[in-house]
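The next block holds one structure in the form of structure tokens; read it before the comments.
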Amino acid sequence: MDHSRPLADRFLVTALAFALITLATACDSGTQEPDAPAVPVEFGAAGTATEPSGDSTGVPTQPRDESIAADRFPRTLPEGLKAEVPESFPSNIPIYPGAQAAQGASGEVKGIPRAGVQLLSNDAPTDIFGFYEDALKGNGWDITDAKNDLQSGTISATNDGCSTIVFVQASPKGGSDIFVLNECDRSAS
């Protein structure tokens, strides 16, 4: 029996979570500021879900899905991470319809802008994988690698000096976890 695939999947999820935390700590100023007051999410604001459209622009058109179980969200977030899609998240990478942000961060590392988000969805990994593969291609991304099975999938893509990786993993609590990491080194293009 081959146990290497689940171990590899756990390693990738751990690596992606570590990347989000590293991104957050790179943005940390070292000062503790009070949390901003909660503001209701408006249509079109970062962090809302998008409805797939013919042009896959990623423009939000519907509110977040409230049916995702609360126990799927982290109880606490490391300093620098917020339960939202970062404002600097690329507009040509759509947010999966009905997904909710569990954690996200953005900042610069050695002058290179980076953004990352973990999303939660009630949908199967294969549905989410297909959505992102089509949406990225439709938005001008070149798919450099794509691997998919029933439990997980990974897409790597480039576009105009930017690189992104989308990782989708079946959640043990049902649905899927989606990790999207992006960096843009415009000087390399």
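Assorted remarks:
- Lysines with Cα under 21 Å of LYS147, excluding same-chain neighbours fewer than 8 positions away: LYS137
- Ordering LYS137, LYS110 by the number of other Cβ atoms within 10 Å of each residue's own Cβ, fewest first, gives LYS110, LYS137.
- Rounded FRET efficiency, nearest 0.05, which uses the C-beta distance separating SER187 from ASP149 and R0 of 35 Å: 0.45
- Approximating the spin labels as points 7 Å out from Cα along Cα→Cβ, the ASP127-to-ASP142 distance works out to 3.3 nm.
- Burial order of peptide ranges 156-166, 140-150 (average beta-carbon count within 10 Å, highest first): 156-166, 140-150
- Extending 7 Å from the Cα toward the beta-carbon at both ALA83 and LYS110 defines two label points whose distance is 3.5 nm.
Just so you know, all these numbers are worked out from the coordinates, no wet-lab data involved. Just so it is clear, the model here is predicted, and its values are computed rather than measured. All Cβ positions, glycine included, derive from the backbone under ideal geometry; neighbour counts span all protein chains shown.
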